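What follows is a single structure, written as structure tokens, with notes after it.
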Amino acid sequence: MSLILAIETSCDETAAAIYSAEHGLLSHFLYSQIELQKDFGGVIPEVASRSHMEKIAPIISTALEKANKKLSDIDVFAVTHKPGLAGSLLVGLCFTKALAYALAKPIIGINHLEGHIFSAFLEHPSIPFPHICLTASGGHTSLYLVKNFGDYVLLGTTRDDAAGEAFDKIGKLLELGYPGGPIIEKYAQSVDFEDFFSYPRSHMNSIDVSFSGLKTAVLYDLVKRDAYSLADKKLLDTSDLLKKQVSSSLLVCVADVFKQKLEKAYKLHPEIQAITFVGGVACNKYIKKQLQEFCQKRKLAYFSPSPEFCTDNAAMIAFVAGYKVQQNSYSDLTLDIF
Ligand code: KG4
Ligand code: ZN
């Protein structure tokens, strides 16, 4: 039976997980750089990779301790090798290669997005195939047709910013702090998710989305209301009321766009049995509820991971490594970040 150690360092979380082919997830542990990065209002790549170098060894030790295992018990080393920040990916990849080489054990490179796509299986092992997966995070917003483990096709993606990136950029505009997504949700909740400003829904014919357009629409709407000065790049109306109204309208708009795109994808693939919603934005209770209702109306099953498995983590990387072991799909020490 294989015991897997998985390592994830693609962005601003240093994460490790221990996964057994027989017993599933034994432990997972991570360090999030949010406190370190929040003063910059986003992720500074050089800060991220330096922090990964500091944290990677203690994070792996803690994951092993929590699983009551030793490094010498590990049969397979798995690591996120793409996509992500080059410097951050390299820390995880080089560390994992060194472990695999020193202990003479196999290595498996995992695509970070494949980790998100199958993250809902950690808690819901019998999600039916085929299904559609909506992945929405700070770096990615895409819809996939998922046919089986490791077998998925991209149906549509963002042409510019990801949904989480739009929340973070609009959050910055409104001086809400970083990351914007969870703060926007709190503000929106206090006014009951009302659609005050009716921001334009992207009406592209394809399943692709554009969230950079939405960010610009919000900016110009604020200018029109004399709430933002383009010349000074400054928020003029700093009232809580405005922040609540923008946040609420924004969430309603993004949920609508997601539903519109899922409807298009469903029409193209009426054979699907379920919809999964994953990635950092899937922490959002309002959007989750909207998508759940969307599925109920169409008699489709709906699955979304708990917040700890929505945001970046190594458990989802370990899960993918688990079926790659069964499929005998290994990498070797020439593994790179491209
Ligand atoms: O998956 P993730 O941890 O990292 C990437 O792979 O990008 O996602 C982080 C993103 C951030 O943009 C953050 O604003 C967003 O997820 N996010 C949320 C919520 N919690 C995190 N967006 C909306 N509502 C939330 N509650
Ligand atoms: Zn991610």
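Bear in mind that the values in this text are calculations on the coordinates, not laboratory data. Because the structure is predicted, anything quoted here is derived from the model rather than measured. For neighbour counting, all protein chains shown are included, and Cβ atoms are generated from backbone atoms with ideal geometry for every residue, glycine included.
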Problem - Members of K233/K288; K264/K285; K261/K285; K147/K288 lying beyond 25 Å, as alpha-carbon distances in this model show - result: K233/K288
Problem - Helix 86-103 vs. the chain, principal-axis angle (Cα, 0 to 90°, nearest 10) - result: 20 degrees
Completion exercise
Only helices counted: for the chain, with every DSSP H run of 4 or more residues adding -39500 (n - 2.57) and the sum spread over all residues, [θ] at 222 nm is -13500 deg cm²/dmol
Handout entry: Nearest-20 debye value, the chain charge dipole, Cβ charges on Lys, Arg, Asp, Glu
Key = 540 debye
Practice task
Sort S27, S61 so that the residue with the fewest other Cβ atoms within 10 Å of its own Cβ comes first and the one with the most comes last.
Solution key: S61, S27
Exercise for the section: Please state, as a whole number in µm²/s, the translational diffusion coefficient that the Stokes-Einstein equation yields for the chain at 37 °C and 0.692 mPa s, with Rh defined as the Kirkwood radius across alpha carbon pairs. Expected result: 159 µm²/s
Handout entry: Mean Cα-pair separation over length for the chain, i.e. relative contact order, pairs under 8 Å, 6 or more apart, %
Key = 23 percent
Completion exercise
Least to most buried among E293, E35, by other C-beta atoms within 10 Å and fewest first, runs E35, E293
Practice task
Please compute the net charge surrounding H112, taking Lys and Arg as +1 and Asp and Glu as -1 over other residues with Cβ under 13 Å from its Cβ.
Solution key: -4
Problem - In the stretch 6-121, lysine pairs with alpha-carbon atoms under 25 angstrom apart (chain gap of 8 or more, or interchain) - result: 17
Exercise for the section: Determine the equivalent ellipsoid of the stretch 8-53 by diagonalising the alpha-carbon gyration tensor, then write out the semi-axes as square roots of 5 times the eigenvalues, largest first, rounded to whole Å. Expected result: 28, 9, 7
Exercise for the section: Whole Å is fine, so just give me how far the alpha carbon centre of the stretch 117-173 lies from that of the stretch 94-116. Expected result: 23 Å
Exercise for the section: Could you list H28, H131 in order of exposure, starting from the residue whose Cβ has the fewest other Cβ atoms within 10 Å? Expected result: H131, H28
Handout entry: For the stretch 66-203, share of DSSP beta bridges that run antiparallel, in % to the nearest 5
Key = 70 percent
Practice task
Post the alpha-carbon centroid distance, the stretch 257-336 to the stretch 1-70, in whole angstrom.
Solution key: 21 Å
Problem - Label zone at D192, where the point sits 7 Å out along the Cα-to-Cβ direction: the stretch 238-264 residues whose backbone N lies under 15 Å - result: 245, 248-249
Problem - Spacing of the two label points (7 Å from each Cα toward its C-beta) at R50 and K289, in nm - result: 4.3 nm
